[in-house]
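See below for the structure under consideration.
The values are calculated or read from the model by the stated rules, or taken from the named source; none is laboratory data. Keep in mind that what you see is a predicted model, and the values were worked out from it rather than measured. Reconstructed Cβ throughout: ideal geometry from the backbone, glycine too, with neighbour counts over all protein chains shown. Surface accessibility is based on the protein's heavy atoms, side chains included, excluding ligands, DNA and RNA. Shrake-Rupley method; radii C 1.70, N 1.55, O 1.52, S 1.80 Å.
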Amino acid sequence: MSGPTRRQLLQGGIAAGLSVAVTSALGELPAYASRDGIHPFRVAVPRRQLDDLRERIAATRWPSRELVADRTQGVQLAAAQALARFWATRYDWRRFEEKINALPQFTTEIDGVDIHFIHV
């Protein structure tokens, strides 16, 4: 007899989520995990990708300032530049990895699409 489909696992919601979260906390996956293609996942962004992202942010060609003082023309240039500066110089990627990797994460494929999910 085969196990539940990926769709059934996801539709099972809380019950399936608790099962995966509890067993993963114990260091093992439920029996259906490998049969249905559910795999543990950890975020690990290579340093070279972070360096590349910072370089691309620094090389951004910014548009001219908006013509109005409010947000009717969209995000204001100064706000976009401040956000880009934060991501390029102050965002702590490794701290993010540590926080998200403390959660039970998995990947699976549903209808040909790779899905990353967290059971909390």
- Query: Could you list, in sequence order, the residues of the stretch 61-93 that are closer than 30 Å to Arg42 by Cβ and more than 20 Å from the chain's Cα centre (by Cα)?
  - Reply: Arg85, Thr89
- Note on the structure: Note on the stretch 103-114: residues in a strand (DSSP E or B) and touching a residue at least 60 places away in the same chain (Cβ under 8 Å) are Gln105, Phe106, Thr107, Thr108, Glu109, Ile110
- Output yes when any residue across the stretch 32-51 is at pLDDT below 90, open to solvent by less than 60 Å² (accessible area, probe 1.4 Å) and among the hydroxyl-bearing types (Ser, Thr, Tyr), and no when none is. yes
- Task: Would you mind telling me which numbered condition in (1) surrounded by fewer than 12 Cβ atoms within 10 Å (Cβ to Cβ); (2) more than 15 Å from the chain's Cα centre (by Cα); (3) in contact (Cβ under 8 Å) with a residue 60 or more places away in the chain Val120 fails?
- Result: (2)
- Query: Among (1) under 30 Å from His39 (Cα atoms); (2) out of contact with any Leu (no Cβ under 8 Å at 6 or more places or on another chain), which single condition is Leu83 missing?
  - Reply: (1)
- Filtered residue count, the stretch 80-102, keeping only those that are part of a helix (DSSP H, G or I), under 16 Å from Ile57 (Cβ atoms) and open to solvent by less than 80 Å² (accessible area, probe 1.4 Å): 7
